Structures are given as structure tokens and as C-alpha cells.
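A.B. asks: The structure follows.
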Amino acid sequence: MVKDRSMKMWYRKPAKEWVEALPVGNGRLGGMVFGGAEQERIQLNEDTLWSGHPDDPANHEALSHLEKVRQLNFEGSYAEAQELIEEHMLGPWSASYQAMGDLYLQMENAGDVTEYRRELNLKRAVCRTSFVMNGVRYVREVFVSAADQVMVIHLSADQPGKVSVQASLDSLLEHKVKLDAPDRLILQGRSPSHVEPFHARSADPVVYEEGKGMRFEIQLIAMADQGSLEQGEHGLKVERANAVTFLLAAATSFNGFDRDPFQDGSNPTLRCEEWLNRASAYSFQQLLHRHENEYGELFDRVELVLGAPGLTELPTDERIQALREGREDAQLAVLFFQFGRYLLISSSRPGTQPANLQGIWNDRTRPPWAGNYTVNINLQMNYWLAESCNLAECHTPLFDLLEDLRVTGRETAKIHYGASGWACHHAVDLWRLSTPSGGPSKGPASWAFWPMAGPWLCQHLWEHYRFGGDVAFLREKAYPIMKEAALFLLDWLVKDPEGYLVTNPSTSPENTFIGPDGKKAAVSIASTLDNSLVWELFTNCMEASAILETDTEFRHELLAARNRLRPLRIGRYGQLQEWSQDFEEAEPGHRHTVHLYALHPGDQIDPYITPDLAEACRVSLDRRQQHEKEDAIGWCFAWRINQFARLGDADMAHHYLIKLLENPFPNLLNAHRHPKLSFYPLTVEANFGATAGIAELLLQSQAGELRLLPALPKEWAEGSIRGLRARGGFTVDLAWEEGKLAAACIYSSNGNYCRLRSQQPIQISAGAERIQTEMIEPGVYGFQTTVNQSYRVTIAES
């Protein structure tokens, strides 16, 4: 059997389109490398380059319509309530993430190209292009260093004096280019003050205004080994060198979400100069070594190995096509798993912005869905892998965003709803938009109106604590944000005619139902998602306040409110109801399954604890599959992997993994193949969600216990994984043979009690000492751990 440890994506030809290029990044600065032989193009991004500026997006008339909407909903006039929301309670579009520019490297010598190979080495985070031209082998290496905050491009040849190249910079945005010195090229530009979304019709969709917009700068320097370096017709010109290293730095004037980037911005020139002056003191090999050491400390924490068939001898694009044609390639799942980890490391680091819909990569001024942070599933899915796949540091940009949203969200809660705390809707941008968007198009409310993003995002704060056990983080960062989100919910909930506390108005994001009057609507009261989010946030806040020994009265208030929530209900088909009433679904095969939140990513529903509700979730998923349409796409498949993993259904989880692996662009990034779109956008949430799902197949840790191999696909009969993290402060290594656990190692960081669920009888040891375990129930073992101690799990002799 093949066991692929190379972790390389490779191709026999350059990228023709942007969605074929290979992504590189350091969390802040990103590039898409095309790998052309005669001309290289590297498309550039910087994570703070957005359109717009801070302003007041609040709809000051929204509150005056809230009570009428609530009344209509309680009367069952759902379509009328929705119309009122769409006319009077929505707000402006979000700002748009921008493409910064392009670096072009034009080779001076032309000729026939042979032995071409383009690859992305995931273990090294280095993109490499090699080919033979005119009898000379050329190698081009590209990486973006987090250690030195520059992009490094190194060109070399196997014969002296054969590297001749001209470097130029360009941008889609307003800009100018100048040569600052024979070895330095500078592009200075400005982003638009306003951009209409790509789906909005407008005669003037991109607007520049004097004295407004984000300023930005790209600086490029060249360091040649021998040869000459001079000013060329279009940029820097290197001739007859043995090798040349280009260093590229980029920055914007972004100075905080609440500061005008033009009038009160930072100086991008000084930042670029600082980074380049520091990085240019190192040789290429030193820069590469520093980059690999820094990156490897994150990436090397987890290794997945499968003893299963693989088509590793084929280029990656051909492997995807082979899978579509029905060939087996379990090793592609391994590559996809680690590619997801690579993408998170490359697009989200401490101090950067969070990964957006496209990570940090975008080639458009009007990107799909503005390239924003869509927070009714997409942004959250980006970070599902962060804790379990041992990249907790990469989670921190999301927490920083939540601190900012707490500020803007307070105004939204107060102005739109007359409530305390903070609220956020479905679209967020660099300026921390928290109001409902979609006002210019009048929604529809199915996606535009949903003030429940805060509770869902707060789950990530709690999960970070559950995995790591950092009480200081809980006290100083997580709990204050969670508490304010819960305060909003306490004000947002109202009593319904049956005496329950309900959200009103309420939607189940992007989905619709048929009301008793036969009208299609999205707005009602107390959707199942809303109930699940309220229940979870109140529960988590109660537990957090108990741990921190604070807010006793508040804890009792939350408990009293939680006890008055509507219970989860099973509908006429045996499905988990999506709304408070058992409405007929307008689209039974709808792509969203947010009503199953309590199964995943939440854990209020569990097959071992609430089997009836878990079975209702299965029925819901079966109905979605039976009616599945073309708009059930990449991220939907990624979520299904996680949901079926939680249900212990390895076959269906693997089914959706294969569907997803058949779906991507040649560069393995998810293709959003929605039938209503004129082109297929690149989005990253499916990559991240699937990586998290693969981890869920092998290890789960909800419900206070570690579940070893809970949904192992039969196609992965032999394998191992090292370095997965589990809630409770545990790190777990697993090995399996013939589809069964062979051994495991559990490292305890915090010395917590460990509860293990295994399908086989096991025994625990620490070094040479056998550990006494408690048999909690059949197949469930418990034992007390010690801080920083490893425990060996082996199969007990029968």
C-alpha cells in the first residue's frame, strides 16, 4: 500500500487561470503563483486592503418597525412581516476585499520548454517551478515568510550567467509605479471609497473620491549574484546573473477599524522599508531556513498517514479528474487534509485579519460576495479545524475581530433593537459592519436579516478554552465578549402566547418555508438554529461564570431564561424541525442545514445521550440528500462530513468527502459551483471544513469524552495520525489496523480526568506503570491524568 509523506501538489503545466495558480501566504501577505516559464505572474494580496472607510451604517428607523413585525409574526402573517423587514429594517452593503496587484517576471531568453514541473510543497510552504530551456535548467522558488514579513522569489540556473529577467509591478486599482533606485521598484496606490457587490447592477460600481480610500504600497528589491542590475523599460532588469533573489514587501494605511485610513492612516512606506531593510541582511538560504523553521513549528504538529491506494504518481489536477472517473485515491484525502492546515497557516496568524471567504487570495475589485466575512456559516467553518488540528494560534485573529464587533455591535443592538449587549448580522468587513446588509436590494430577509451571528461566533471563544484550558484567556477575553452577547439575547427574547421565550423575528439562514396561508416566507419566530444558539451561549456563559467565580445573579438569570426556551422538536417526517412550527419546506433539498447546529458544531444533540434527536438529524440529512440540487455545493459537502461523523456514519461521511474531492479547482481550492452564478468563485471554507471533518472521523471529544476512531471509513483500514487535539487539554496520536484501533497515545497538558470511549477493550499505561481505570459504562473508561504526562492506550488481551 502507498503511504504518501511527500505532501506535494504538482503539475505538468503552468496555470492559465487564477483558479489554477498556487496559493502562498504568511497570514497577512498572500500570492497566487502561476508558474509560467517565459513569464511568471504572482498575483498579490494584503489582508487589510479593502474598499471603504469607517462610517455609520445604522438604520435609525429599524426600531420603530420592530413591534409591528413581532405582532405580524405572532398572528402568523409571516410574509407580511418579512416584507416590512425588507422595506424598513435592513442596511448597506459591506465593503469589498481588494486585489492589491501583480508581480511579473519576464525571462529575457526564450525557447522551447521541456521537463516542466510546478509544485507546492506543503511541508515547506514553498512553491517551486522548474524547467529546461535552451539546455539550461531553471528553478524558481517562492514563499512568503512570517518570520521576515516579505515574499521571497529566488531564480537560479544550473549554468553560470544564465539568469536574465525583468521585474514589473501592476495593479487593478488607482496607482503609480516608480523606480526608487536601480535595485528598488515601488508601486503606490489607493483603494476605492465604495464598491458595489459583484451581483449588484450599477452604472458606477467602483467609486474613487478625493481624500478617501485606503492607501497602499508594494516595494520590490533585487539582490543579484553576479551579472548586472539596472533600470529596465518596465521595471528592474537583471542580466547574466548566476541567480537573483527578489524581496517583496507590501502594506496599507489601515490603522484600525474605527480610524479613517486616508486621513488618520499608518504609513505603508515606512513599514515596507523596515521589512525590506531587515530581510535584505539575510541570504536566500538564510531566509528560507528562517521561513521553514517558523512554518514547520506549526505544520509539523500533525501527520496523517493512510496505508491505502493512491495515485501519487499523477499530477494533482489529473488525480482530481481520475477520482471523478471512479478511480480510487485515498491519498488525495491526506493531501487535502494537510492542504487545509496549510491554508489556515497561510491566511490567519496572530495579529492578522481573519481568513475571509477566499482566505487572503483575491484577484478582483468586485470579488464574489465582496470577499467579506460571511458569518452565517462560512467564517465559522474556516476555523473549525483550528483547535482539533493543532493550530490554536491561528484562531486568534477571529477573537480579535470579535473584540472589534463588540464595539460596533453595541450600536447595532441599541439603535436597531433597543437592546443592550452587542449584535451582529450575516456580513462583516474590515470596518466591522454589524448591521443587517442587503438594504439596497431589499434583501431578501432569508439571508439579510439574522441578528444571531454573535452567539455562533462566541462558540469559538468557548471552544478555544475547552481545548486549551487557559483560564486567563477565558477571564480576560472570552467571557466578557460572551457575556455581552448573552445580554443582547436576554433583551431580544420575548414571550410567545404559550409562555416560551422566543426570538422574534427569526430566520433559518437562507432557507424558506410555506406558511399556513400558502405563502412562501423566511421570517417567523424561534427557528431551531436560534434556539440552539441561545441554549448553547447561555449554557457556556453559566459554566464560564462558575469557573471564574463571578456573576452569580447573572448565571441564575441565564438558567431561568434557558428553562423557558422552546424544546427541540421532531416533525412529521421524523426530521428535526427547522422552525418552531412544522412548516412544509419550500426547498426540501436546501443547501443549508443550520437547524442541525446542535449536532455539529454544537453538541446539545449526541447519539449516545439524545438518540431520538440524533436520529431526527439523520432523517433531516437523508431528506436533504433525496432532494439534493445543484446548489448543494462544496461547503455543504464539508459540513455533511462533520455531521455524519458525529452520527458515527463513516460511509456517508466518506461519500461526501469523495464528492468534495471531485469538486475543487486544479489547485485543490474549493470551486463554488452554484448554478445561478455566471462563473464559479473560489471559496476556502469547504477546504477548512473538510479538514476538520477528517479529524472528526478519527477523534471526537464532545460530551466530555474522547472517542477514538468514531467514524473510520472502511476505505482507510490501515493508518495513523499524530498530534490531534481534544477538549480537556489532551493531544492524541492514533494507529489502526484492519479498521480497528491498534494503539493510541494521549498527552495530558492540564491533568484533567480523561474519559475514553473505544469500540475495543483497552488498557492504559504511563511508562512501565499500568494505570487503574474506571469502567463508567460498557466501552467507556475513565482515569485521572497528571499534568504533562503521556499515557499509552493498547488493546486489552481477551
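A.B. asks: Over the Cα atoms of the range 17-131, what radius of gyration and what Dmax do you get, in Å?
C.D. replies: When restricted to Cα atoms, the range 17-131 yields Rg and Dmax of 25.2, 76 Å.
A.B. asks: Taking amide H positions as placed in the peptide plane 1.01 Å from N, state which residues far from ASN109 in sequence (5 or more) or on other chains have amide H under 5 Å from it.
C.D. replies: Excluding prolines and chain starts, which carry no amide H, the hits are SER164.
A.B. asks: Based on alpha-carbon positions alone, could you give the equivalent ellipsoid semi-axes of the range 377-442 from the gyration tensor, as √(5λ), descending, whole Å? Present the calculation step by step, with values, prior to reporting the outcome.
C.D. replies: Details: eigenvalues 136, 41, 17 Å².
Semi-axes (√(5λ), whole Å): 26, 14, 9.
A.B. asks: While we're on this one: So what's Rg/Rh here for the range 90-129, counting alpha carbon atoms and using the Kirkwood radius for Rh?
C.D. replies: Ratio of gyration radius to Kirkwood radius: 1.25.
A.B. asks: Taking the solvent-accessible surface of protein heavy atoms with a 1.4 Å probe, what is the per residue accessible area of the range 1-120 in Å²?
C.D. replies: Numbers: 4500 Å² over 120 residues.
Counting only protein heavy atoms, the per-residue value for the range 1-120 is 37 Å².
A.B. asks: Continuing with this model, one more query. Calculated FRET efficiency, ASP300 and ASN242, Cβ-Cβ r, R0 45 Å, to nearest 0.05? Before the final figure, lay out the partial values.
C.D. replies: Working: r = 32 Å, r/R0 = 0.72.
Taking R0 as 45 Å, the efficiency between ASP300 and ASN242 is 0.90.
A.B. asks: Using 0.36 nm per residue, how much length does the chain from LEU548 to ARG201 gain when fully extended, once their Cα-Cα distance is taken away? Mind showing how you got there, number by number?
C.D. replies: On the way: separation 347, 0.36 × 347 = 124.92 nm, distance 5.15 nm.
That works out to 119.8 nm of additional length.
A.B. asks: Convex hull over the Cα atoms of the range 322-409, averaged projected area in nm²? Display every interim value, and only then the final one.
C.D. replies: Working: hull surface 31.0 nm².
Computing the convex hull of the Cα atoms and averaging its projections yields 7.7 nm².
A.B. asks: Of the heavy-atom accessible surface of the range 193-289 (probe 1.4 angstrom), what whole percent is carbon and sulfur? Provide the component values of the computation, followed by the final result.
C.D. replies: On the way: 1960 of 4630 Å².
Exposed carbon and sulfur together represent 42 percent of the surface.
A.B. asks: Rg (Å, one decimal) plus Dmax (Å, integer) for the alpha carbons of the range 158-291?
C.D. replies: 18.2, 55
A.B. asks: Right, here's the next one. Provide the convex hull volume over Cα atoms per residue for the range 181-259, in Å³. Mind showing how you got there, number by number?
C.D. replies: Working: hull volume 13.1 nm³, N = 79.
Normalising the Cα hull of the range 181-259 by residue number yields 165 Å³.
A.B. asks: So, one more: How much of TRP431 can a 1.4 Å solvent probe reach, expressed as accessible area in Å² and rounded to 10?
C.D. replies: Surface accessible to solvent at TRP431 totals approximately 20 Å².
A.B. asks: If we sort 94-107, 465-478 on the protection proxy, mean other Cβ atoms within 10 Å, highest first, what's the order? Mind dumping the intermediate values first?
C.D. replies: Numbers: 94-107: 24.7, 465-478: 17.8.
Result, highest mean Cβ count within 10 Å first: 94-107, 465-478.
A.B. asks: State, to one decimal in nm², a quarter of the convex hull surface area for the C-alpha atoms of the range 552-655, i.e. the direction-averaged projected area.
C.D. replies: On the way: hull surface 31.0 nm².
Result: 7.7 nm².
A.B. asks: Now for a separate question. Given an 8 Å cut-off on Cα distances and at least 6 residues of separation, report the relative contact order of the range 106-196 as a percent.
C.D. replies: Values: 137 pairs, mean separation 16.9, N = 91.
Once divided by the residue count of the range 106-196, the mean separation gives 19 percent.
A.B. asks: Still on this structure: Given LYS176/LYS442; LYS123/LYS212; LYS13/LYS162, which pairs have Cα atoms separated by over 32 Å? Could you put the intermediate results ahead of the total?
C.D. replies: Numbers: LYS176/LYS442 39 Å; LYS123/LYS212 42 Å; LYS13/LYS162 22 Å.
In this structure, LYS176/LYS442; LYS123/LYS212 exceed 32 Å between Cα atoms.
A.B. asks: Okay, next question. Give the Kirkwood hydrodynamic radius (Å, one decimal) of the range 604-720, defined as one over the mean of 1/r across all pairs of different Cα atoms. Write out the running numbers ahead of the final one.
C.D. replies: Values: mean 1/r = 0.0668 Å⁻¹.
Across the range 604-720, the inverse of the average 1/r is 15.0 Å.
A.B. asks: Take peptides 128-141, 699-712 and line them up by average Cβ neighbours within 10 Å, highest first, as a rough protection proxy. Intermediate results must be reported in sequence, preceding the final value.
C.D. replies: Numbers: 128-141: 17.8, 699-712: 21.7.
Most protected by this proxy first, the peptides run 699-712, 128-141.
A.B. asks: Quick one: how many Å² of GLU777 are accessible to a 1.4 Å probe, rounded to 10?
C.D. replies: For GLU777, solvent-accessible area is about 70 Å².
A.B. asks: I've got another one for you. At 1.4 Å probe size, with every protein chain present, just tell me what the per residue accessible area of the range 348-432 comes to in Å². Provide the component values of the computation, followed by the final result.
C.D. replies: Numbers: 1680 Å² over 85 residues.
That works out to 20 Å² for each residue.
A.B. asks: Filter the cross-link list LYS8/LYS714; LYS414/LYS483; LYS495/LYS520; LYS629/LYS676 down to pairs whose alpha-carbon distance in this structure exceeds 21 Å. Walk me through the numbers on the way to the answer.
C.D. replies: Working: LYS8/LYS714 25 Å; LYS414/LYS483 16 Å; LYS495/LYS520 25 Å; LYS629/LYS676 12 Å.
Cα-Cα > 21 Å for LYS8/LYS714; LYS495/LYS520; rest within.
A.B. asks: Shifting gears a bit: How high is the relative contact order of the chain, in percent, counting Cα pairs under 8 Å that sit 6 or more residues apart? Display every interim value, and only then the final one.
C.D. replies: Values: 1925 pairs, mean separation 98.2, N = 798.
Over the chain, the number comes to 12 percent.
A.B. asks: Would you check the accessible area of SER720, probe 1.4 Å, heavy atoms only, in square angstrom rounded to 10?
C.D. replies: Solvent-accessible area, nearest 10 Å²: 40 Å².
A.B. asks: Stretched out fully, how many nm does the piece from ASN277 to LYS714 gain, at 0.36 nm a residue minus the Cα gap?
C.D. replies: Working: separation 437, 0.36 × 437 = 157.32 nm, distance 5.41 nm.
In short, 151.9 nm is gained.
A.B. asks: In whole percent, and with a 1.4 Å probe on the protein chains, what portion of the accessible area of the range 301-341 is carbon and sulfur? Please report the intermediate quantities before stating the final value.
C.D. replies: Values: 500 of 1180 Å².
The value for the range 301-341 is 42 percent carbon and sulfur by accessible area.
A.B. asks: Could you pull the Rg and Dmax for the range 326-470, using just the Cα atoms, both in Å?
C.D. replies: Looking at the range 326-470, its Cα Rg and Dmax stand at 16.7, 58 Å.
A.B. asks: Okay, next question. With N residues in the range 634-694, what two-decimal value do you get for its Cα radius of gyration over 2.2 N^0.38 Å?
C.D. replies: Numbers: Rg = 11.5 Å, N = 61, 2.2 N^0.38 = 10.5 Å.
Dividing the Cα radius of gyration by 2.2 N^0.38 Å gives 1.10.
A.B. asks: Also, quick follow-up: Order the peptides 185-194, 402-411 from the highest to the lowest mean number of other Cβ atoms within 10 Å of their residues.
C.D. replies: 185-194, 402-411
A.B. asks: Here's another thing I want to ask about it. Give me the percent relative contact order of the range 369-457, please, defined on Cα pairs under 8 angstrom at least 6 residues apart. The partial results should precede the final answer.
C.D. replies: Values: 114 pairs, mean separation 23.9, N = 89.
That works out to 27 percent.
A.B. asks: I would also like to ask the following. Ignoring ligands, DNA and RNA, how do LEU401, LEU559 rank by accessible area with a 1.4 Å probe, largest first?
C.D. replies: Values: LEU401 0, LEU559 65 Å².
Highest to lowest solvent-accessible surface, that is LEU559, LEU401.
A.B. asks: For the range 710-775, with every protein chain kept in place, what is the accessible area per residue (1.4 Å probe, Å²)? Present the calculation step by step, with values, prior to reporting the outcome.
C.D. replies: Working: 3050 Å² over 66 residues.
About 46 Å² of surface per residue is accessible.
A.B. asks: Taking the convex hull of the alpha carbon atoms in the range 218-350, what volume per residue do you get, in Å³?
C.D. replies: Working: hull volume 29.3 nm³, N = 133.
Dividing the Cα hull volume of the range 218-350 by its residues yields 220 Å³.
A.B. asks: Using only DSSP helix segments of four residues or longer, with each worth -39500 (n - 2.57), what per-residue ellipticity at 222 nm results for the chain after dividing by its residue count and rounding to 500?
C.D. replies: Numbers: 18 runs with 232 residues, N = 798.
Per the formula, -9000 deg cm²/dmol.
The values are calculated or read from the model by the stated rules, or taken from the named source; none is laboratory data. Everything quoted here is computed from the prediction, not taken from an experiment. Cβ atoms come from the backbone with ideal geometry, glycine included; neighbour counts cover every protein chain shown. Ligands, DNA and RNA are excluded from the accessible area calculation, which covers all protein heavy atoms including side chains. Shrake-Rupley method; radii C 1.70, N 1.55, O 1.52, S 1.80 Å.
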